[in-house]
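Asks: Have a look at this one.
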Amino acid sequence: MRTSMLKSIVRRSSTAGASYVSRRGFASGSAPERKVAVLGAAGGIGQPLSLPMKLNPLVSSLSLYDIAGTPGVAADVSHINTRSEVVGFAGEEQLGKALEGADIVIIPAGVPRKPGMTRDDLFNINAGIVKSLCTAIAKYCPNALVNMISNPVNSTVPIAAEVFKKAGTYDEKKLFGVTMLDVVRAKTFYAGKAKVNVAEVNLPVVGGHAGITILPLFSQATPKANLSNEEIVALTKRTQDGGTEVVEAKAGKGSATLSMAYAGAIFADACLKGLNGVPDVVECAFVQSNVTELPFFASKVRLGKNGVEEVLGLGPLNEYEKQGLEALKPELLSSIEKGIKFAKEN
């Protein structure tokens with residue numbers, strides 16, 4: 001694949017509309033030095049995520065960490081002729097070096113879903129992994145923005161918050177659950193049904209990041225389309241079950257790794273733009289929130305130099321969406337409380 005084609009995958013898909021990040025005309029001295037660390041970089045999401053992060057011209061240093069296998073991944077992507085320098089770190093003893101000086105830490109570490117598994121089934125394994133990684137973040141790069149991909153996000157974000165609180169480093173503006181894949185899916189499915197250009201589609205997805213806690217607000221989608229109630233219900237369910245659709249299609253050989261890596265790269269790019277002072281960077285993310293009575297909630301967030309500049313409201317909801325919002329709250333609250341309980345007891 002030609003380099004120009006590869007670079008095209010580093011894209012910013014914001015609520016202001018999609019635009020491509022291009023290195024053409026980009027002088028290495030015109031953007032600040034930014035270090036991005038990927039924890040779990042040798043895994044199913046980590047490897048394909050490392051590629052677009054290497055391609056992103058806003059990244060000057062790319063730190064790839066995993067318990068094993070990272071030197072090979074780092075050697076591979078380091079040969080790509082883009083700005084960032086790449087270093088691979090393997091084993092817990094190298095975690096501190098991987099994190100030191102990081103501006104953004106992306107966490108896709110942990111085990112993936114397999115057929116028949118729910119995100120709750122992942123909890124017992126991934127909760128401990130996330131807790132240990134966040135303990136190291138609090139020690140080695142306490143001011144970094146943390147992009148949590150490890151599932152179940154509805155629980156791992158509260159775990160991270162509790163770890164940071166205990167360490168005295170918690171800043172609610174700097175912790176994000178990455179729900180961008182829900183937005184990516186909703187845009188794709190909506191565009192296909194509405195027969196509109198997917199690059200022009202803009203719609204928020206709110207709530208959480210599992211099953212019925214995922215609430216796409218198709219009533220706010222643009223370009224507008226005259227879809228029936230039945231079509232909206234079907235699109236909503238497909239968005240909610242998107243992960244299961246991929247797990248079943250891969251028949252035991254993986255989960256939604258490639259699309260998640262793409263979505264993770266888009267969100268990290270938005271965070272980098274925010275850090276660099278680009279105005280009006282708005283994406284959906286699972287953050288500490290006052291939008292509802294729940295302590296964490298996914299909605300549109302304005303990103304800036306300190307992470308979250310503003311958590312935006314839900315906007316007008318139709319009756320179907322209002323029902324969906326009320327229906328998701330008990331399950332989302334239960335997942336949040338499960339994460340908090342784990343962090344406090346372990």
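Asks: Which residues' amide hydrogens lie under 5 Å from the amide hydrogen of Gly304, considering only partners 5 or more residues apart or on another chain, with H built in the peptide plane?
Replies: Glu309
Asks: Here's another thing I want to ask about it. What do you reckon, how do Lys54, Lys114, Lys174, Lys305 stack up by accessible area (1.4 Å probe), largest on top?
Replies: Sorted descending by solvent-accessible area, the residues read Lys305, Lys114, Lys174, Lys54.
Asks: How do the peptides 142-154, 329-341 rank, highest first, by the average count of neighbouring beta carbon atoms within 10 Å per residue?
Replies: Descending packing order for the listed peptides: 142-154, 329-341.
Asks: For the stretch 35-178, what Kirkwood radius comes out of the mean inverse Cα-Cα distance, in Å?
Replies: 15.0 Å is the Kirkwood radius here.
Asks: I would also like to ask the following. Which value at 222 nm does the chain reach when only helices count, each DSSP H run of 4 or more adding -39,500 (n - 2.57), with the total divided by all residues and rounded to the nearest 500 deg cm²/dmol?
Replies: After summing the helix terms and dividing by residue count, I get -13500 deg cm²/dmol.
Asks: Right, here's the next one. So between Val233 and Asn143, what do we pick up on full extension, going 0.36 nm a residue minus the alpha carbon distance?
Replies: Extending this stretch completely gives an extra 28.3 nm.
Asks: Can you count the Lys pairs in the stretch 35-178 with C-alpha separation below 17 Å, eight or more apart or on different chains?
Replies: 15
Asks: Another question, if that's okay. Among rounded, prolate and oblate, which fits the stretch 275-346 when a ≥ b ≥ c are the square roots of the eigenvalues of its C-alpha gyration tensor, a/c under 1.5 means rounded, and a/b larger than b/c means prolate?
Replies: Cα axes put the stretch 275-346 in the oblate bin.
Asks: Before anything else, pin down the relative contact order of the stretch 51-113: Cα pairs under 8 Å, at least 6 apart, normalised by residue count, whole percent.
Replies: Rounded, it is 33 percent for the stretch 51-113.
Asks: Calculate one ³J(HN,Hα) per residue across the stretch 333-341 by plugging θ = phi - 60° into the Karplus curve 6.51 cos²θ - 1.76 cosθ + 1.60, and present them in order as whole Hz with x for glycine and proline.
Replies: Once rounded to whole Hz, the list reads 4, 4, 5, 4, 5, 5, x, 4, 4.
Asks: Still on this structure, please answer the following. Could you compute how much accessible surface Tyr190 exposes when probed at 1.4 Å, giving the result in Å² to the nearest 10?
Replies: 10 Å²
Asks: On to the next question. Hey, what D do you get for the stretch 131-219 in µm²/s if you plug the Kirkwood alpha-carbon radius into Stokes-Einstein at 4 °C and 1.567 mPa s?
Replies: D, rounded to a whole number, is 89 µm²/s.
Asks: Residue by residue through the stretch 280-292, which ³J(HN,Hα) values in whole Hz follow from phi under the Karplus form 6.51 cos²θ - 1.76 cosθ + 1.60 (θ = phi - 60°), with glycine and proline marked x?
Replies: Values, residue by residue: 6, 8, 10, 9, 8, 7, 8, 9, 4, 8, 10, 5, 10 Hz.
Asks: Once you have the Cα-Cα distance between Asn197 and Thr118, take 0.36 nm times their residue separation minus that, and quote the gain in nm to one decimal.
Replies: Taking Asn197 through Thr118 to full extension adds about 25.1 nm, to one decimal.
Asks: Over the stretch 180-336, how many pairs of lysines fall under 21 Å by alpha carbon, counting only those 8 or more apart in sequence or from different chains?
Replies: So the count works out to 20.
Asks: On to the next question. Which of Pro142, Ser50, Ala161 sits farthest toward the positive end of the charge dipole of the stretch 35-178, with +1 on the Cβ of Lys and Arg and -1 on the Cβ of Asp and Glu?
Replies: Ala161
Asks: Relative contact order for the chain: what percent, with Cα pairs under 8 Å and sequence separation of 6 or more?
Replies: 18 percent
Asks: On to the next question. If every alpha-carbon in the chain counts as one equal scatterer, what log10 I(q)/I(0) does Debye give at q = 0.08 1/Å?
Replies: Scattering profile of the chain, log10 relative to I(0): -0.34.
Asks: Now a separate question. Excluding ligands, DNA and RNA, what is the solvent-accessible area per residue of the stretch 180-336 at a probe of 1.4 Å, expressed in Å²?
Replies: It amounts to 41 Å² per residue over the stretch 180-336.
Asks: Given the stretch 180-336, report the % of alpha carbon pairs whose separation exceeds 24 Å.
Replies: 34 percent
Asks: In nm, to one decimal, how far is the Lys166 label point from the Asn318 one, both placed 7 Å along Cα→Cβ?
Replies: My value for the distance between the label points is 4.6 nm.
The values are calculated or read from the model by the stated rules, or taken from the named source; none is laboratory data. Values in this document were obtained by computation on a predicted structure and should not be read as measured data. With ideal geometry, Cβ positions are generated from the backbone for all residues, glycine too; neighbour counts draw on all protein chains shown. To get the accessible areas, we keep the full protein, side chains included, count just its heavy atoms, and leave off ligands, DNA and RNA. Shrake-Rupley method; radii C 1.70, N 1.55, O 1.52, S 1.80 Å.
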